[in-house]
């Protein structure tokens, strides 16, 4: 008989973009580990469905546009009013622009929209989390970055810029909030099946996984949203109590490889 260890017992977690993809998976995992969940999103039906799956006694849904500061401020206020505090902020909401190969074809409006959600939205979520965490002198803030926070050629110009910015914000805020006992980290996953990636690449789940597995460095395993959720769980738990300012790559070594030299290529059946 195995006993489940509740690593977030008594914690309150707010997850932006919590209605689908990585956010949904993380919300459910955090709830399994004892956290009260505040799901923030603009997909109302999906957000409510996640709350129903978790249980209404342990979760609430708040409609919120992360680019609107009043919306973000209101979401944090409701979380604190409902559950008495905020221990965890997961800045996960993000979008992609249309998949256009040439910068000449990229529209300024698309570029600005991606940065508004993926950078300004993260900044606002961090700001209002800090507003309530600093007086408490405790808390953990994490954000979803990407392998594009470190390398080029893996996504659009706007997305790459935005994820580099998330990594920079993470480091800068970790420096500021460390004096208050607040940890700030981010996660940088390889591509996996989410509504965002399937729509961007125009591939269904299995086809997308097949392509990503062919391009991956670590073979024999496929990255799932659950893997990212588990990494998020580690970073916000007490097991990571002295980790701050860190960008955790969940990419099977993909972003450390320079494929140009084509080294260490074994034959198919060594």
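The values are calculated or read from the model by the stated rules, or taken from the named source; none is laboratory data. Please read all numbers here as calculations on a predicted model, not as lab measurements. Note that we place each Cβ from the backbone using ideal geometry, even for glycine, and neighbour counts take in every protein chain shown.
Only one of the listed residues (19, 75, 79) is in contact with a strand residue (DSSP E or B) (Cβ under 7 Å, 6 or more places away or on another chain) and assigned to a loop (DSSP other than H, G, I, E, B). That residue is 19.
As for the range 255-263, it holds at least one residue that is more than 21 Å from the chain's Cα centre (by Cα), at pLDDT 90 or above and part of a loop (DSSP other than H, G, I, E, B).
Across the range 61-78, not a single residue is classified as closer than 22 Å to residue 234 by Cβ and buried (at least 21 other Cβ atoms within 10 Å of the Cβ). The combined condition, being farther than 20 Å from residue 149 by Cβ and touching a strand residue (DSSP E or B) at 6+ places or on another chain (Cβ under 7 Å), is not fulfilled by residue 104.
Within the range 29-58, if we keep just the residues that are assigned to a helix (DSSP H, G or I) and touching a residue at least 60 places away in the same chain (Cβ under 8 Å), the residue that is farthest from residue 126 (Cα to Cα) turns out to be 29.
With respect to (1) within 22 Å of residue 141 (Cβ to Cβ); (2) in contact with a strand residue (DSSP E or B) (Cβ under 9 Å, 6 or more places away or on another chain), the lone exception for residue 255 is condition (1). Scanning for something touching a residue at least 40 places away in the same chain (Cβ under 8 Å), part of a helix (DSSP H, G or I) and over 24 Å from residue 75 (Cα atoms), does the range 102-110 turn up at least one residue? Checked against the condition, which is being touching a residue at least 40 places away in the same chain (Cβ under 8 Å), part of a helix (DSSP H, G or I) and over 24 Å from residue 75 (Cα atoms), the range 102-110 yields at least one hit.
Among residues of the range 233-251 that are without any contact (Cβ under 8 Å) to a residue 24 or more places away in the chain and on the phi < 0 side of the Ramachandran plot, those with a beta-carbon under 9 Å from a residue that is outside any helix (DSSP H, G or I) and surrounded by 17 or more Cβ atoms within 10 Å (Cβ to Cβ) at least six positions away or on a different chain give the pairs 234/7; 234/248; 242/183.
Each row is one residue, and each column tells you yes or no for (1) under 24 Å from residue 136 (Cα atoms); (2) modelled with pLDDT of 95 or more; (3) in contact with a helix residue (DSSP H, G or I) (Cβ under 8 Å, 6 or more places away or on another chain).
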| site | (1), (2), (3) |
| --- | --- |
| 30 | yes, yes, yes |
| 33 | yes, yes, yes |
| 41 | no, yes, yes |
| 56 | no, no, no |
| 60 | yes, yes, yes |
| 85 | yes, yes, yes |
| 88 | yes, yes, yes |
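Evaluation of residue 7 against the conditions (1) outside any strand (DSSP E or B); (2) under 17 Å from residue 237 (Cβ atoms); (3) in contact with a helix residue (DSSP H, G or I) (Cβ under 6 Å, 6 or more places away or on another chain) shows that the sole unmet condition is (3).
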